[in-house]
Amino acid sequence: MVQRNGPSKGFRQTGALLAGDIRRVGESRGFAVSRVLTHWAEIAGSDIAAICRPVDVGYGRAGLGATLTVLTTGAQAPMLEMQKETLRQRVNAVYGYAAIARIRITQTAPTGFAEGQAAFAQAPAQPARPPQDPALDARAGRAARSVSDDGLRQALERLARNVLSSDRH
């Protein structure tokens, strides 16, 4: 009898033995992780893609269907939780079979540690600034003239310019 190390005492779970085969079969039927990553907005839809992104596709111990892990911010997680089944159906519709059995949501803040940073939908483009009015600039400059600190004076000038320009509208 061959003695084996570890708690399995010579036995292995069937899922562990078949995981590689199941993965190869899944990929041969068109399920490639890269497709989910590269076509995320088209697969998930713009509404879901704006609040999350895929980070992993893993095969569990059972080996039947993959688990898609998506990254979102803590504020968006409850909304995404309610859309998990819709997302799973959209991904599986692309492949034509139940490639994804489960969706797991992981959360992070939009800024933080390098591994946990999430960048979702790009910020909308800022509208073009209207041309500066020299008379408005002069009034803003006079309002902040008495401040000796350059940074504070410039900030007060911007504030005065904003306040004075909003009075016009």
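The values are calculated or read from the model by the stated rules, or taken from the named source; none is laboratory data. Just so you know, these numbers come straight off a predicted model, no measurement behind them. Quick reminder, even Gly has a Cβ in these numbers, built from the backbone with ideal geometry, and neighbours come from all protein chains shown.
Brief remarks on what is shown
- Single match in Gly30, Gly15, Gly60 (criterion: surrounded by fewer than 17 Cβ atoms within 10 Å (Cβ to Cβ) and either touching a Phe, Trp or Tyr at 6+ places or on another chain (Cβ under 7 Å) or modelled with pLDDT of 80 or more (or both)): Gly30
- Note on segment 131-168: among residues that are within 37 Å of the chain's Cα centre (by Cα) and of a type in the set (D, E, K, R), the one that is surrounded by the most Cβ atoms within 10 Å (Cβ to Cβ) is Arg161.
- Residues considered: Ala98, Ala128. Of these, the only one that is surrounded by 13 or more Cβ atoms within 10 Å (Cβ to Cβ), at pLDDT below 85, more than 18 Å from Ala41 (Cβ to Cβ) and over 21 Å from the mean Cα position of the chain (by Cα) is Ala98.
- Residue check, Phe120 at pLDDT 55 or above and among the hydrophobic types (A, V, I, L, M, F, W, C): yes
- Entirely in segment 40-87, the helices (runs of 4 or more DSSP H) that have 2 or more residues that are closer than 17 Å to Ala99 by Cβ, of a type in the set (A, V, I, L, M, F, W, C) and in contact (Cβ under 8 Å) with a residue 24 or more places away in the chain: 40-44
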